[in-house]
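*Asks:* Handing you a structure now.
The values are calculated or read from the model by the stated rules, or taken from the named source; none is laboratory data. Computed from a predicted structure; not experimentally measured. Reconstructed Cβ throughout: ideal geometry from the backbone, glycine too, with neighbour counts over all protein chains shown.
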Amino acid sequence: MKKVKTTPLAVSLLSLVIVSTLAFALLSTRSNAAGDKPAQQQARPALTVTTIQPAAASLPLRLAANGNVAAWQEAIIGSEATGLRLAEVRANVGDEVKAGQLLARFAAETVQADVAQALASLREAEARVQEAAGNAERARALQASGAMSRQEVSQLLTAELTAKARVEAARATLQVQQLRLQQTRVVAPDDGVISSRSATVGAVAGNGAELFRMIRQGRLEWRAEVTSAELPRIRPGSVATITAANGTQVQGTVRMVAPTVDVQSRTALVYVDLPRALPSLAPQAQVRAGMFARGEFNLGETAALTVPQQAVVLRDGFTYVFRLNPDSRVSQLKVRTGRRFGEQVEVLEGIKPQDQLVASGAGFLNEGDLVKVVPAAVQPAAVQPAAR
């Protein structure tokens, strides 16, 4: 057999071909591995979520408003006596008083003297009328006999009438003085709470001067400001929940809706009766006249489509939910929300009752993300994005 002779050049070329072949095979393997890795990553779910369907619920229909708390009626108790000194003041701010209760007393010595004088004048007039009546009776008896002239008879009869008129005038004067004596006692015109006092012992009050102010019957009202568009929805008898600035909540009832609307603000007042605000009643007594309060009118209930609050996402000033598609990917839907009741949010438009919505982890999702759905019972305690 003939032996083949190899040269160094041939050996070098053969080695170069073998190394090139091995290098090409290695690069091809790495390229295929690198190409398969993104495909595997894209197939992995972005998040593990739970889903829900929109629920049909009956939500309370409420109308929010603001307004001031005021007295139902504030009575001004003034002085009817003129030029008398205030001798005693028995009521102070915050006191509960009853109708007819003595609040203050003026010095009555001068008026008592006037009463005594008027009484004496009455008795004098009554004595004179008796004398005039006797003279008139005799004149009538003698008139037929001609013993007295007609002029004398007429004078005696006129004197009787004049005496009777003086009795009536004296009696009226006595009644005036007795009324003045009664006015030295300032009494409460009704049950209520004293809200202001300007009476000072020793002061000489003029006629009509204010001494006290009183919240009649201790009744307060909330004067809510409602726009003209919302006004037709409120009816007398509706229930309202009022929250004062200190957090106190009370229930009230609409008594009256104002018949006019303010031409400047285009709002109308709704008068809501509140529980009696006597100081001995708590916590109603914590709502006081002059407070600013906010409240809500209960206008009944209406049907609504609701979703949990955690399913709603706020982005760029708009509200969204994520719908689960059959391919396990999600679509971002823009919705319009309405009322909130507890953890439920009303959705007015943007979804359908049969939609499957992401309930947990919606804030981590984007349009088209692939998700893994698990039952709510095995939902992870803390929803975290899956590792990419």
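*Asks:* Step by step: first the residues of segment 196-229, then only those that are over 21 Å from ILE76 (Cα atoms) and out of contact with any Phe, Trp or Tyr (no Cβ under 9 Å at 6 or more places or on another chain), then the one that is surrounded by the fewest Cβ atoms within 10 Å (Cβ to Cβ). Which residue is that?
*Replies:* Step by step, filter segment 196-229, then rank; the result is ALA229.
*Asks:* Could you list all residues from segment 347-362 that are closer than 15 Å to GLN310 by Cβ and under 36 Å from the mean Cα position of the chain (by Cα)?
*Replies:* Of everything in segment 347-362, those that are closer than 15 Å to GLN310 by Cβ and under 36 Å from the mean Cα position of the chain (by Cα) turn out to be VAL347, ALA359.
*Asks:* I would also like to ask the following. Return yes when PRO259 is at pLDDT 90 or above and closer than 22 Å to GLY300 by Cβ and no when it is not.
*Replies:* no
*Asks:* List the number of the failed condition for VAL176; all other conditions in (1) touching a residue at least 24 places away in the same chain (Cβ under 8 Å); (2) surrounded by 14 or more Cβ atoms within 10 Å (Cβ to Cβ); (3) more than 39 Å from the chain's Cα centre (by Cα) hold.
*Replies:* (2)
Results for (1) within 16 Å of ALA64 (Cβ to Cβ); (2) in a loop (DSSP other than H, G, I, E, B), shown as yes or no for each residue.
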site	(1), (2)
GLY237	no, yes
VAL254	yes, no
VAL261	no, yes
ARG323	no, no
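*Asks:* Continuing with this model, one more query. Any chance you could count how many residues in segment 296-315 are without any contact (Cβ under 8 Å) to a residue 24 or more places away in the chain and either of a type outside the set (A, V, I, L, M) or surrounded by 19 or more Cβ atoms within 10 Å (Cβ to Cβ) (or both)?
*Replies:* Residues flagged as without any contact (Cβ under 8 Å) to a residue 24 or more places away in the chain and either of a type outside the set (A, V, I, L, M) or surrounded by 19 or more Cβ atoms within 10 Å (Cβ to Cβ) (or both) within segment 296-315 amount to 1.
*Asks:* Now for a separate question. Out of PRO232, PRO189, report the one residue that is assigned to a helix (DSSP H, G or I) and of a type outside the set (Asp, Glu).
*Replies:* Sole residue among the options that is assigned to a helix (DSSP H, G or I) and of a type outside the set (Asp, Glu): PRO232.
*Asks:* In segment 146-189, what residues are assigned by TED's automatic domain parsing to the domain that holds GLU88 and among the small types (Gly, Ala, Ser)?
*Replies:* The one that is assigned by TED's automatic domain parsing to the domain that holds GLU88 and among the small types (Gly, Ala, Ser): ALA188.
*Asks:* Scan the strands (runs of 3 or more DSSP E) fully inside segment 61-124 and keep the ones with 1 or more residues being buried (at least 19 other Cβ atoms within 10 Å of the Cβ) and under 32 Å from the mean Cα position of the chain (by Cα).
*Replies:* Passing ranges, in order: 74-78.
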